[in-house]
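The values are calculated or read from the model by the stated rules, or taken from the named source; none is laboratory data. Keep in mind that this is a model prediction, so the values were computed, not measured. All Cβ positions, even for glycine, are placed from backbone atoms using ideal geometry, and neighbour counts span all protein chains on display.
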Amino acid sequence: MNRGLVIQLIATGIFYGTPMAIAALGELLAERSGVLNLGVEGMMLMGAVVAFWVSRDVSGPNGLVLIIAVLAGAAAAAAVSLIHAFMTITLRANQVVSGLALTIFAGATGLSSYVGDLANLGGNPGRHIMNAINVFGLKDVPILGPIIFNQPALVYISWVIAFAIYWYVNKTRQGLHLRAVGENPEAADAMGVSVTRYRYAHVLIGGALAGVGGSFYTLVISSEWTDGITSGAGWIALALVILAFWRPAGVIAGAYLFGVVSALGANLSARGVQLPPEVFSALPYVLTIAVLAIVSSGWGRGRFGAPAALGVPYARDGG
Amino acid sequence: MPNEPDRRVALAAYAVTKRFPGVVANDNVDFEVLGGEVHALLGENGSGKTTLCKMLTGMYQPTAGRIEVDGKSVVMHSPADAHHNGIFMVHQHFSLVERLTVAENVMLGWSLDGSRIRFKRRKAEQEVARLAEQYEMPVDAGKMIGDLSIGERQRVEILKALCRGARVLILDEPTTVLTPQEAERLFASVRGLAKAGNSVIFISHKLHEVLAVSDRVSVLRRGVMTGTVELGDHAAAVDRKELARMMVGREIELGRRQRAARAQEAATAGLEIKELVVHNDLGTLAVDRINLNVAAGEVLGVAGVAGNGQREFAEAIAGVRPRSGGEVFVGGTPVRSGRPLAALAAGMAFVPEDRMGIGLASGIDVAENLVLKSFRTGAFSRGPLIRRGRVVDNANTLLSGYELRGGPSSLVGQLSGGNAQKVLLAREMASQPKVLVIAAPTRGLDVGVTETVRKLIAEAADSGTAVVMISEDLDEVLDLADRVAVMSGGRITGIVDAEGADVEEIGLLMMGQEQAA
């Protein structure tokens, strides 16, 4: 393979990895607070459809409309995640069941599809699209130019988000409380940290980020809406969180790896290399299983395992 | 080892009474803790120690009486209120986040310097290290809790309180989770805390610890303060017997079992235990080479303070918990380790203290619970199918003598504690077992059910079952048992005849003093 192809693969990998990365960063926050939300796919689709709707029906300068569209997508997905938060935190329902229900409710044959029909979004091209930015005019710099300095704004925003989450989780008091709530809510509660408030906040932020990730599909990758446009990216985002050991840097790296692999798959088949495409689409899950095996082993559990209270509803008095 | 510093009363309860429905947990209790003293609170489980401490830490409000901090009357509605008054409790179950560091745990929920956003790791670690050094409680502030020993974790809990300005520390049975060496270190730390002017309330039931660490000892029994003793310079001179008597002193005898009926053909093999060794869930030694024989028709009471290996002992005999060594024979038949079915087949019946947890399945009904041990037999099943009609008939027959509220189709989870115990006993006795192991037989039951359960135990023995009855209630043990084996630290420290037993002797055995051979 020549150098140009490698560079192009990496650049495309970053591009396609970004929506998964953003959604996974959101899920990471929710899971760090102890709430597993399997509704990522549904929330991404809600973000995608609402963002697209806004971009089609709101007129104004391109940049402003796109900002409003992304924020609207985030708000829509956060609203969906509020259902999950209420079910699992207030009513202490089973998180897996509630999350799956959320994806079915909001997913490709659910609310997102209904909203698309209602606003007659299908088959209409959008009027605004987020193009790559030539950062500091460096896009033609060899190697780094196409990879780093010629991406759409959301790619750069995702880096900011990842760093902000890293800083928040590790360097702030609120981040410390978040970790405590996800690991041992009883202990956090005993020290005066509100488990309910932390869990609600992080499920909602997680939902909002899933919506931002979803909007990437209708504002950046393609400027149209079709049902189920995220085609399983939400599930890969869930896998990414595990794969990254619940750490933001790992989420970014993993997302780009998957992006590169799928770009490679497309590239190989374009060159007539006979390899079933399922090999590439299965890879994230195969890797996730491998990582789960490591994480679940005695060796890995203490360091890399899931937040200890993940999936466990919290009730004071243990009842 | 008295302390010179201020002898003012730091924390006190005066004429405090706490009533729960049907129970007086604390009855007119007076309790004073001085500044700079280690004050031990001694008493059996259920004597009201915990209730008293919960009132001192704002978790309960007294029904009557008052609590004073520094001579001022206070009303505390929550642990947070107690914290504001400088009163902190360290529970047996630590409240620590394993995957956070020591410093992070200490800093949860508050800030060293009022900074609202930034968590200053370096600064937090320095502060924790400084306190750790000041109070000689060495612990590495940057280490993860999960990497620490139990003793170190306990130090972190204490540091958490000190960091927040604790002046009165309540340590709830702090040594139960510690090795003897760790306990020694804890005692040193506790002395250091007192020397620095803090007060420590040391809850314990182990006399030697209390003697080693305390300035004064108060004894609670059945919710009543039976006395406060000042330990002078020569703690050894204190009459241990006096303390033991204050702790377990006997009251009027009632309901003693008629033993006359017991035939003296005790040679019939009931239960034989040889060199039994068992480890607990944490992998530490819980039962240390116990040898016991219980004849058919005999009731052997196992007395002792909870947590001295009784639970593991019972579970190992019943086959529920694997043994680490030794042998168990039921009616002369050896029973393999950790095989409940094998024990069952040999004639073992087991009524655990955790009735709803491992005794009964709360999500299914009474009739089904009653056949949990026998449904495999042809009487209740045909191939993989359960014969519901027979199961219900069986329930009706078994329960006819038990005055059970609700019918065979009631969910066990909805039964009262007493009714659940009746169902459990009915099931276990249905198989006419050779051996019955029953733990905490009447804990939490009302007087009526208690009488029923006692009667059933007596009947079981009279019908030739060898009964091992494990109970913290010494009176109950003395009323029902033929012999009393006292358990302490995983060992049987002595066996006495229940008839005319010397309660002071039993108290000393319970505290770990071995019987003279």
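For the reader, a short list of remarks on this structure follows.
- Scanning segment B:272-304 for residues that are closer than 19 Å to residue B:465 by Cα and among the aliphatic types (A, V, I, L, M) yields a total of 8.
Here is a yes/no grid of residues against (1) at pLDDT 95 or above; (2) of a type in the set (A, V, I, L, M, F, W, C):
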{"site": "A:83", "(1), (2)": "yes, yes"}
{"site": "A:117", "(1), (2)": "no, no"}
{"site": "A:122", "(1), (2)": "no, no"}
{"site": "A:142", "(1), (2)": "no, no"}
{"site": "A:148", "(1), (2)": "no, yes"}
{"site": "A:154", "(1), (2)": "yes, yes"}
{"site": "A:164", "(1), (2)": "yes, yes"}
{"site": "A:189", "(1), (2)": "no, no"}
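- Residue in segment B:437-444 that is surrounded by fewer than 20 Cβ atoms within 10 Å (Cβ to Cβ) and in the same structural domain as residue B:314 (by TED's automatic domain parsing) present: yes
- Residue check for residue B:133: free of Cβ contacts under 8 Å to residues at least 40 places away in the same chain and of a type in the set (Asp, Glu): yes
- Set side by side, the residues B:356, B:348 differ, and just one is surrounded by 24 or more Cβ atoms within 10 Å (Cβ to Cβ) and of a type in the set (A, V, I, L, M), which is B:348.
- Cβ-Cβ distances below 7 Å connect the following pairs, each with a first residue in segment A:139-159 that is charged (D, E, K, R), a second residue that is part of a loop (DSSP other than H, G, I, E, B), and a separation of six or more residues or different chains: A:139/A:149.
- Enumeration of residues in segment B:144-155 that are within 11 Å of chain A (Cβ to nearest Cβ) and part of a helix (DSSP H, G or I): B:145, B:146, B:147
- Here the condition is being among the aliphatic types (A, V, I, L, M), surrounded by fewer than 19 Cβ atoms within 10 Å (Cβ to Cβ), out of contact with any strand residue (DSSP E or B) (no Cβ under 7 Å at 6 or more places or on another chain) and within 14 Å of another protein chain (Cβ to nearest Cβ); of A:180, A:164, A:187, it holds for A:164 alone.
- Flag for residue A:152 being over 20 Å from the mean Cα position of the chain (by Cα) and more than 9 Å from chain B (Cβ to nearest Cβ): no
- The conditions of being outside the structural domain of residue B:57 (by TED's automatic domain parsing) and touching a strand residue (DSSP E or B) at 6+ places or on another chain (Cβ under 6 Å) are met by residue B:144.
- Of the helices (runs of 4 or more DSSP H) lying entirely inside segment B:51-136, those containing at least 3 residues that are surrounded by fewer than 16 Cβ atoms within 10 Å (Cβ to Cβ) and within 14 Å of chain A (Cβ to nearest Cβ) span B:79-84.
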